[in-house]
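Colleague: One structure, as structure tokens, below. Some questions next.
Each value in this text was obtained by applying a stated rule to the coordinates, not by laboratory testing. Model, not experiment: these values are computed from the prediction. Here the Cβ positions follow ideal geometry from the backbone for every residue, glycine too, while neighbour counts run over all protein chains shown.
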């Protein structure tokens with residue numbers, strides 16, 4: 001009996017655990033998606049239309065779009081391309097193959113092959129192909145119009161709701177692959193891709209695996225890196241930003257003159273200044289790069305004079321240069337909390353080219369800053385401490 005129970009338990013898929021809030025978010029998204037899709041379709045087509053306003057495969061599409069929005073099978077091209085292509089194949093099969101069972105089988109098979117070929121695999125699209133063949137007289141009478149309405153309209157409406165709902169509830173959608181290449185525009189791979197598990201290793205293993213998995217390679221790579229960071233935090237004693245940050249932070253306000261900000265950079269031999277409001281709230285950062293980017297020369301060495309500035313010069317009005325920090329500062333600045341583990345700073349500082357990470361409290365007030373030098377020193381000390389701990393454990397065991 002115990003063997004049978006064990007076998008039955010093994011049949012239950014090991015889904016990634018999610019919170020009750022995420023379960024509620026997914027269910028609410030499907031509710032809103034199907035409700036709005038059906039309502040708008042009814043308003044657009046009218047209740048007297050002979051075709052169904054909603055087709056059953058949209059329920060399966062809603063599961064993917066709202067419960068697993070990061071899945072490659074749930075991306076915009078997957079739902080639009082997969083559903084429309086499968087509808088066209090299903091209609092064609094129904095028109096030219098008299099036997100409905102044979103037509104259904106061929107429609108589903110051709111749909112899968114075509115979606116794989118076009119890179120728009122979407123499981124509910126197999127049901128769309130079946131619906132086109134077995135959906136009844138009204139769908140057969142519609143012919144290829146079925147691919148536009150209701151399939152195309154349903155798919156587009158559900159996709160638009162998914163775009164809005166997922167992003168409004170904190171889920172990035174669509175899941176775009178990261179831009180490849182080094183931010184310094186050199187041929188070197190990113191620092192995090194030079195040792196350990198690199199993308200080429202991952203691609204080779206996936207090619208050897210030779211099965212479709214419901215996660216994109218870049219998402220899998222990101223999860224592996226997060227696991228590596230977590231493992232490092234566990235081994236290194238969980239060093240936090242609050243332990244290594246500089247606390248005597250030089251800051252400026254948006255109204256600080258560029259002359260004063262530049263003088264602070266030179267006098268203190270630093271390369272960045274957090275920009276704060278009167279209550280110390282972080283609103284940006286100004287760096288040496290920001291000064292150079294707003295200099296008189298462009299990146300390719302030409303004079304940085306806009307068409308507007310040329311017009312001002314032509315009418316005898318001198319070109320206006322930036323005067324204060326607010327005009328050149330970087331407003332979208334990444335920050336960390338004092339309790340953030342330093343391992344989480346490695347990807348942005350190593351791969352994204354960040355040299356400084358402001359540290360803020362829960363009220364977004366600047367309480368410190370971590371530089372690349374601080375991070376390197378902390379990683380080195382953590383490595384030494386880890387080696388000493390391992391040596392002590394080996395001595396005790398002996």
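Colleague: If I model a spin label at residue 56 and residue 6 as a point 7 Å from the Cα along the Cα→Cβ vector, what separation in nanometres do I get?
Modeller: Using points 7 Å along Cα→Cβ, the separation is 3.9 nm.
Colleague: Still on this structure: At 0.36 nm per residue, and after removing the present C-alpha to C-alpha distance, how many nm does the segment from residue 141 to residue 334 gain when stretched out fully?
Modeller: 63.8 nm
Colleague: Could you give the distance between the Cα centres of segment 78-99 and segment 114-174, to the whole Å?
Modeller: Rounded to whole Å, the Cα centres lie 11 Å apart.
Colleague: Can you tell me the FRET efficiency between residue 45 and residue 291 if r is taken as the Cβ-Cβ distance and R0 is 45 Å, rounded to the nearest 0.05? Provide the component values of the computation, followed by the final result.
Modeller: Working: r = 58 Å, r/R0 = 1.29.
Efficiency, rounded to the nearest 0.05: 0.20.
Colleague: Could you list 225, 20, 268, 356 in order of exposure, starting from the residue whose Cβ has the fewest other Cβ atoms within 10 Å?
Modeller: Sorted ascending by nearby Cβ count, the order is 20, 268, 225, 356.
Colleague: Expressed as cubic angstrom per residue, what is the convex hull volume of the alpha carbon set of segment 32-114?
Modeller: Details: hull volume 9.1 nm³, N = 83.
Cα-based convex hull of segment 32-114, divided per residue, equals 109 Å³.
Colleague: So what's the convex hull volume per residue for the Cα atoms of segment 18-168, in Å³? Don't skip to the answer; put the middle values down first.
Modeller: On the way: hull volume 14.9 nm³, N = 151.
Convex hull of Cα atoms, per residue: 99 Å³.
Colleague: Once the piece of chain linking residue 227 and residue 22 is laid out straight, how much longer is it, given 0.36 nm per residue of separation minus the C-alpha distance between them?
Modeller: Gain on extension, residue 227 to residue 22, equals 71.7 nm.
Colleague: Pop a pseudo-label 7 angstrom from the Cα along the beta-carbon direction at both residue 63 and residue 219 and give the gap in nm to one decimal.
Modeller: Spacing of the two 7 Å Cα→Cβ label points: 1.6 nm.
Colleague: Once you order the gyration tensor axes a ≥ b ≥ c over the Cα atoms, which shape class does segment 1-52 get: rounded for a/c under 1.5, otherwise prolate or oblate by comparing a/b with b/c?
Modeller: In terms of gyration-tensor shape, oblate.
Colleague: Measure off 7 Å from each Cα along the Cα-to-Cβ vector at residue 280 and residue 211, then give the distance between these two points in nanometres to one decimal.
Modeller: 5.5 nm
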